[in-house]
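Written out below as structure tokens is the structure these notes cover.
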Amino acid sequence: MSTQTFRWKGYRFQVHVNGQSKTGYTLALAAAVVGRIAGQPVALSWRGGLQQKYFPRPENRLSRWPFQLLFHLSGRISCNNMQVKRAIERYGLDPDRVVAIPGFSRQHVDFQPVPLASDVEAFLHKRHPVFFCYVSFRPEYRLPVLRDAMLRFRRRYPNAGFIWLGFPSKELPAARDFVGCWPGRERESLLLLGNLAHDEFLTLLTRCFAYVRTPACDGVSSSILESLALGVPVVASENGSRPTSVITYRGKDAEDLCAKLIGLAASYAQAKDQTRLEDAEDNISRTADWLLEEPSRKAKELIRGFADAD
């Protein structure tokens, strides 16, 4: 059944999009156009921060108009933080149409610890410290920079290990090819995984020494907030949106990343003690309320109209 058919049947669309993907933009724009034609503007969920490939763009640039068009065709828009909200508003939108709702919610750290695969357990027992790296095989994840930092760090800590996980199935072969040409000892220091189920993901995260986050385009990263909430220290590229307890490094600087990893290892007890997430909100409920707000408002207007007619 086509998108148009669902729209004409009265379905409401919530569309997720960011400023990194042309394909994602095209799909979001198609949904927004159909929504306007059907009289049911889409609810647009904006993902990512202020350092994305196509967002934000300077004022008075031709490259600015595609997202300006998408924002104006959409109905209400949600984003991760106030900085991004203000950037979207500068595309000429009414501030009341844009709301900041972080993607992380306190329910995200509810999990049941589970047994890990035998190769994962063997790696955790053989290597120390072990760093958890949630990555993808895309330029914004800066895997060559991460690899360089890993090499530097292992000169100080030869037994260190790194786990790369999160690769979608279509990216995993390329990741394996990238790692496959490394020297033997370097390959042995890395465990390459794909996607994991939620319980397994968080179980593994809590078993690791720290979490390394490389992209700067992510804005407020849910996985960083998960890590902090579980008491796992985080080293992440600086993007202006990191929580105060995150150790940040210059995103394209492998030497700086290595220095921050060494500093963390040298003062781990202190860093561990300072790792926390204050006041995690129920953003799932906030998102549900946001999605239901427009239908509820229209229903109330209709009821008032009947009352006035009487």
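Miscellaneous remarks
- Which label in (1) 72; (2) 45; (3) 33 gives the computed percent of Cα pairs over 29 Å apart: (2)
- Descending by average beta-carbon neighbour count within 10 Å, the peptides 98-109, 212-223, 231-242, 114-125 line up as 212-223, 231-242, 98-109, 114-125, the highest first.
- The order of GLU89, GLU281, going from fewest to most other C-beta atoms within 10 Å of their C-beta, is GLU281, GLU89.
- For segment 123-132, 3J(HN,Hα) computed residue by residue from phi via the Karplus equation (6.51, -1.76, 1.60; θ = phi - 60°) reads 5, 5, 7, 7, 10, 6, x, 10, 9, 8 Hz, glycine and proline entered as x.
- For the chain, the 222 nm mean residue ellipticity estimated from helices alone, with every DSSP H stretch of n ≥ 4 adding -39500 (n - 2.57) and the total spread over all residues, rounds to -13500 deg cm²/dmol.
- Converting phi to 3J(HN,Hα) with the Karplus coefficients 6.51, -1.76 and 1.60 and the offset θ = phi - 60°, segment 205-214 yields 4, 5, 8, 9, 5, 6, 10, 10, 10, 9 Hz in sequence order, with x at every glycine or proline.
- J(HN,Hα) series, segment 154-163, from Karplus relation 6.51 cos²θ - 1.76 cosθ + 1.60, nearest Hz, glycine and proline x: 6, 5, 8, 10, x, 8, 5, x, 10, 10
- Gyration tensor over the Cα atoms of segment 108-274: the corresponding equivalent ellipsoid has semi-axes (square roots of 5 times the eigenvalues, largest first) of 20, 19, 17 Å.
- When you count the other C-beta atoms within 10 angstrom of each residue and take the mean per peptide, 78-86, 195-203 line up highest first as 78-86, 195-203.
- Relative to the dominant Cα principal axis of the chain, helix 22-37 is inclined by about 20°.
Every read-out reported here was derived from the displayed coordinates using simple, explicitly stated rules and does not represent laboratory data. Small disclaimer: the values here were computed from a predicted structure and weren't measured. Methodologically, a virtual Cβ is constructed for each residue, glycine included, from the backbone with ideal geometry; neighbour enumeration extends over all protein chains shown.
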